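In what follows, a single structure is set out as structure tokens and then discussed.
The values are calculated or read from the model by the stated rules, or taken from the named source; none is laboratory data. Keep in mind the model is a prediction, meaning the values are calculated, not measured. Counting neighbours? That spans all protein chains shown, and the Cβs are built from the backbone with ideal geometry, glycine included. Just so you know, the surface numbers come from the protein's heavy atoms only, side chains and all, with ligands and any DNA or RNA stripped out. Shrake-Rupley method; radii C 1.70, N 1.55, O 1.52, S 1.80 Å.
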Amino acid sequence: LEVNGVAGKAKDLAEAIKSGGRRLELKVRRPTLTNHTVTKGGQSLGLDLQFAKQGWVLSICKVLDGAVKSSGADIRAGDRIIRVNGREGKSDELLSMMTGSGSPPIML
């Protein structure tokens, strides 16, 4: 999302809206859903995740050394995990499904 050429944090976007005058130029990008199956093979997934307890997604902050990086899957910081093992759920449920499976199919 961009507002008048400004992208970034919500605070920055809000400021761009306030100072934009009578005309706003918005740039919106719709998500593309992708599926990945990562085999852990005894490794951690290597994902630095952020989530709210009552949320419905796991946000990837950073891809570290681990199964995801080793697999070569196109998973990167900024992606959001919305489904694991074909199931949607609250953030803590998604996290539990990821850690409890040897090869969790992940939808971003």
Tell me whether region 68-81 contains one or more residues that are over 22 Å from L1 (Cβ atoms), surrounded by fewer than 18 Cβ atoms within 10 Å (Cβ to Cβ), in contact with a strand residue (DSSP E or B) (Cβ under 8 Å, 6 or more places away or on another chain) and touching a residue at least 24 places away in the same chain (Cβ under 8 Å). yes
Which one is modelled with the lowest pLDDT among residues in region 26-35 that are under 21 Å from S91 (Cα atoms) and not aliphatic (A, V, I, L, M)? P31
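Out of the residues in region 65-108 that are β-branched (V, I, T) and part of a strand (DSSP E or B), which is nearest to P31 (Cα to Cα)? Before the answer, list the steps.
Quick first cut of region 65-108, residues β-branched (V, I, T) only: 68, 75, 81-82, 84, 99, 106.
Going one step further and asking which of them are part of a strand (DSSP E or B), we end up with 81, 84, 106.
Numbers: I81: 12, V84: 17, I106: 15 Å.
Checking each candidate, the answer is I81.
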Top-ranked residue of region 36-58 - restricted to ones that are open to solvent by 100 Å² or more (accessible area, probe 1.4 Å) and at pLDDT 90 or above, ranked as farthest from the chain's Cα centre (by Cα): W56
Would you be able to tell me the number of residues in region 86-98 that are surrounded by fewer than 16 Cβ atoms within 10 Å (Cβ to Cβ) and of a type in the set (S, T, N, Q)? 1
Within region 8-22, restricting to residues that are open to solvent by 60 Å² or more (accessible area, probe 1.4 Å) and not in a loop (DSSP other than H, G, I, E, B), the one that is farthest from G78 (Cα to Cα) is K18
